[in-house]
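The structure under discussion appears below in the form of structure tokens.
The values are calculated or read from the model by the stated rules, or taken from the named source; none is laboratory data. Everything quoted here is computed from the prediction, not taken from an experiment. Please note: Cβ atoms are built from the backbone with ideal geometry, for glycine as well, and neighbour counts cover all protein chains shown.
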């Protein structure tokens, strides 16, 4: 594997076209915080599978167009080299490009707005990174979330953009006690958890989910592990609190917790038992935040996208905690002793 | 009094258990920005009285549990010593712990979310403090407001959490001219103003309000004075602008102005006539902001909590004004002369 | 012209009263980012014309009162001299003063809230400037937008403030395909574009629009040019995407893009072909953001004011891009070559 990686770096260093290919693939990989072109390639293949299965090829085409437009915009704006090399200007674009065909019917006007949205996602990425740099915290997928919200909201005012696949705006109503006949089989857990991972790219497909897990494995065993655990935890919490089983089954309570678990568990902190506990709290809270935004955005008729992941991960990274494995005598009478 | 304070400091310095008790009590006191354990104790007693009077003991138990969970989370995360000693990680937790039983029916799921919420309130406190430090402005009760909003909103999506005591989500409708037969007696003013102070802890009880005033007096005469004046001003402004008399009587236009008056009048600025004028403007504006959020949050079906206090106090502290008693000839022709 | 400017500076330097007049006029001019007293005077005359034409003199009186209150508040708070001299504390006040009589029926309570709002707009300006200074980005009209939102929202809760000229709160509904019989004449374009410029001050009047263009010309040919081009582009984009023709005709899709075009095209960047392209992208995106906020704010029953301008201009300024005319061989194979 290392030999392959070295040869790829070598080849990329010599060819402008391959460099371009490389940063696009890394851009796709960065959606789950992986700076790895093979991961990105497998993500794109997973999206293609999901698009074909859903009979909506525009998902895959939109994603690739968004990825290219966002990356080229960054090049034209002479964005930071290192960030460019890591694919940091592609991941918001690919998400915008998948999200728009998911929620709007495609037409020339929709393609126009997809291209504008992908280009703007790079500007929002630059802006957000500049703002968050003050606290040493990354932009995450906030540029995607903001851009996609604005585009979907705008569709309500534009006659040539038509919304589909979205519940109409409505005031929040308490879901009430869910039906008792809930299937708590291992099968339900497995299906929901894997679809939760595919929903990171807004795709509801178990094969796509499996491809995404493989894509993570290629880059980092920790990332794959935290993704799977994060998804299982989110399904368990959502079930325990009585959420809609249909939404849980479609993975809709899991995509943000999955990203939160990866981010807190092994990307921005080094894995350890303390970090795992902290990531667990974050993952549980991400389920609550997902539920909160499902209600909060109901009157606007826009999806939550990954705002729960962004908000929770920002809140949990901002304190700049020192979560190294604890170097003291741990606890005495339930309290840290050597204060 | 000073002798007592010294002896208490002495005792607290020698016993880990009493230190813990001390920072918990200070945590309660910090809800009204008082770093004083006796104030905190009286606040907790006032909450207990209100809980008993309302026949809802969970208010008091929730508050104490929230206080403990939030404080212990800060200890486990090895938060800043000085902040810990001042009780700065308890006040959001106690508020979360009182708010949840006020608006959700208690069940195992509700207690679970209360504990998660209180723990998270400490992380949000650390995050907010880190963000606001850039401008030298405190977090205030924002961590409570954000956490409590997310939890109450999430309850709409979770079947095992049921909302109560909240008007269902609705679009804002103009209140219209209020009935003419308004009782403008001194009694109305007094009742509304004292209940406004009890509502800082979401309690609608005149005895609790009186206990809170006593609690403030123990710590600072200025704080008690600004609280009372802030409450009276808010009742007057709300009446003058034609708000719902029932809401005014329940103290719902007053809790944020009360906190604003204390914060601007004597905590973050030193009392003077210029400062009093500035705090007066802030207090009046807090009534308007309270009314604005009452309308803005109606479609979401969540309470405003103390967002009006947080927003106004941030806006009035951020300019970093030099509000020392004026050292020039004051005014000539209505204008400051020596520019 | 330069002679006149010098003599004016001279005169202003010697008379306190004329200095006051000068900073008030500059305050009006700063609404379109022009530090020029004659521009400000023409803006005020344009408002007067619009107020008379609409039979609502309170618009003009409110605007002048707001301008004076906001500016005097800044003087009393001893705000930064240089900023004061440039009129930076007046533009939010005049906008608050025009907005309130546009959307609320005037009464003693409304005048009270107009004065409070104008005074607070200066505090919000100081706060916002202090916050944004961290990233070297200006406050723009955000203080106006925030203050005006809060006041209009509050009116729903205050019986003595009555809302008028605002659609009642409603959930967003897709506009659907607009009628085919659209008049695409040059006349429609011209009318809509000029009214779009008058709408910067919330006025729907073609003569006022023409006076505003003259006012800009007096200060800067670039500003006038970018205003006109921005307005035409916004009308074209809104038409192409199928927005409501009535709203386009009233200039409601144009006021924020106009301000965005001026800000990005010639105020915060130096005009060049690269800057013009960047400003074009910003202007197009401002139309989308305007449409988005039209939908997002529908449930609250408040106008968007200039939030689209503020948000887009912040996002486009925050990256701190170096948009000087390009000094490399421009492109090879569609890509910048000398990385």
### Query
Hey, residue B:308 hits all of (1) touching a helix residue (DSSP H, G or I) at 6+ places or on another chain (Cβ under 8 Å); (2) facing chain C (nearest Cβ under 9 Å); (3) modelled with pLDDT of 95 or more but one; which does it fall short on?
(2)
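Here are C:60, C:105, C:70: which of them is surrounded by fewer than 24 Cβ atoms within 10 Å (Cβ to Cβ) and farther than 19 Å from residue C:163 by Cβ? Break it down into steps so the answer makes sense when it comes.
Details: C:105 fails: farther than 19 Å from residue C:163 by Cβ; C:70 fails: surrounded by fewer than 24 Cβ atoms within 10 Å (Cβ to Cβ).
That would be C:60, the only listed residue that is surrounded by fewer than 24 Cβ atoms within 10 Å (Cβ to Cβ) and farther than 19 Å from residue C:163 by Cβ.
Just to check your reading of the model, which residue among B:197, B:175, B:232 is within 14 Å of another protein chain (Cβ to nearest Cβ) and in contact (Cβ under 8 Å) with a residue 40 or more places away in the chain?
Numbers: B:197 fails: within 14 Å of another protein chain (Cβ to nearest Cβ); B:232 fails: within 14 Å of another protein chain (Cβ to nearest Cβ).
Just one listed residue meets the conditions, B:175.
Residue-wise test of (1) assigned by TED's automatic domain parsing to the domain that holds residue A:42; (2) under 27 Å from residue A:315 (Cα atoms); (3) touching a helix residue (DSSP H, G or I) at 6+ places or on another chain (Cβ under 6 Å); (4) touching a residue at least 40 places away in the same chain (Cβ under 8 Å).
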residue: A:69; (1), (2), (3), (4): yes, no, yes, yes
residue: A:76; (1), (2), (3), (4): yes, no, no, no
residue: A:104; (1), (2), (3), (4): yes, no, yes, yes
residue: A:114; (1), (2), (3), (4): yes, no, yes, yes
residue: A:119; (1), (2), (3), (4): yes, no, yes, yes
residue: A:122; (1), (2), (3), (4): yes, yes, yes, yes
residue: A:143; (1), (2), (3), (4): yes, yes, yes, yes
residue: A:154; (1), (2), (3), (4): yes, no, yes, yes
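Could you tell me whether residue A:193 is closer than 23 Å to residue B:158 by Cα and surrounded by fewer than 19 Cβ atoms within 10 Å (Cβ to Cβ)?
Details: closer than 23 Å to residue B:158 by Cα: yes; surrounded by fewer than 19 Cβ atoms within 10 Å (Cβ to Cβ): no.
When the stated conditions are applied, residue A:193 does not pass them.
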### Query
Is it true that residue C:41 is touching a helix residue (DSSP H, G or I) at 6+ places or on another chain (Cβ under 6 Å) and under 23 Å from residue C:225 (Cα atoms)?
yes
### Query
Can you tell me which residues in region A:242-263 are surrounded by fewer than 24 Cβ atoms within 10 Å (Cβ to Cβ), touching a helix residue (DSSP H, G or I) at 6+ places or on another chain (Cβ under 9 Å) and either over 19 Å from residue A:307 (Cα atoms) or touching a residue at least 60 places away in the same chain (Cβ under 8 Å) (or both)?
A:242, A:244, A:245, A:249
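Before we move on, is residue C:295 within 13 Å of chain A (Cβ to nearest Cβ), buried (at least 20 other Cβ atoms within 10 Å of the Cβ), under 23 Å from residue C:149 (Cα atoms) and over 18 Å from the mean Cα position of the chain (by Cα)? Reasoning before the result, please.
Details: within 13 Å of chain A (Cβ to nearest Cβ): yes; buried (at least 20 other Cβ atoms within 10 Å of the Cβ): yes; under 23 Å from residue C:149 (Cα atoms): yes; over 18 Å from the mean Cα position of the chain (by Cα): yes.
Taking the combined requirement at face value, the residue satisfies it.
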### Query
When you look at residue C:97, is it farther than 30 Å from residue B:245 by Cα and buried (at least 23 other Cβ atoms within 10 Å of the Cβ), yes or no?
no
### Message
Looking only at residues that are within 10 Å of chain B (Cβ to nearest Cβ) and in a helix (DSSP H, G or I) in region C:75-84, which one is farthest from residue C:18 (Cα to Cα)?
### Response
C:76
### Query
Is there a residue in region A:124-145 that is within 8 Å of chain C (Cβ to nearest Cβ), outside any loop (DSSP other than H, G, I, E, B) and under 22 Å from residue C:175 (Cβ atoms)?
no
### Summary
Picked from region C:156-171 (must be more than 7 Å from chain B (Cβ to nearest Cβ) and within 23 Å of the chain's Cα centre (by Cα)), the residue farthest from residue C:103 (Cα to Cα) is C:167
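Just to be sure, is residue A:275 within 14 Å of chain B (Cβ to nearest Cβ) and crowded, with 24+ Cβ neighbours inside 10 Å?
Numbers: within 14 Å of chain B (Cβ to nearest Cβ): yes; crowded, with 24+ Cβ neighbours inside 10 Å: no.
Spelling it out, it is not the case that residue A:275 is within 14 Å of chain B (Cβ to nearest Cβ) and crowded, with 24+ Cβ neighbours inside 10 Å.
Any residue at all in region C:40-57 that's at pLDDT 95 or above and within 14 Å of chain B (Cβ to nearest Cβ)? First the steps, then the outcome.
Step one: list which residues in region C:40-57 are at pLDDT 95 or above, which gives C:40-57.
Retained after the next criterion (residues that are within 14 Å of chain B (Cβ to nearest Cβ)): none.
Within region C:40-57, not a single residue is at pLDDT 95 or above and within 14 Å of chain B (Cβ to nearest Cβ).
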#### Entry: Sole exception among (1) under 21 Å from residue B:244 (Cβ atoms); (2) in contact (Cβ under 8 Å) with a residue 60 or more places away in the chain for residue C:160, by number
(2)
#### Entry: Checklist (1) at pLDDT below 95; (2) at the interface with chain A (Cβ under 8 Å from one of its Cβ atoms) applied to residue C:325, failing item
(2)
#### Entry: Matching residues in region B:214-227 - criterion: being surrounded by fewer than 20 Cβ atoms within 10 Å (Cβ to Cβ) and closer than 22 Å to residue B:248 by Cβ
B:225
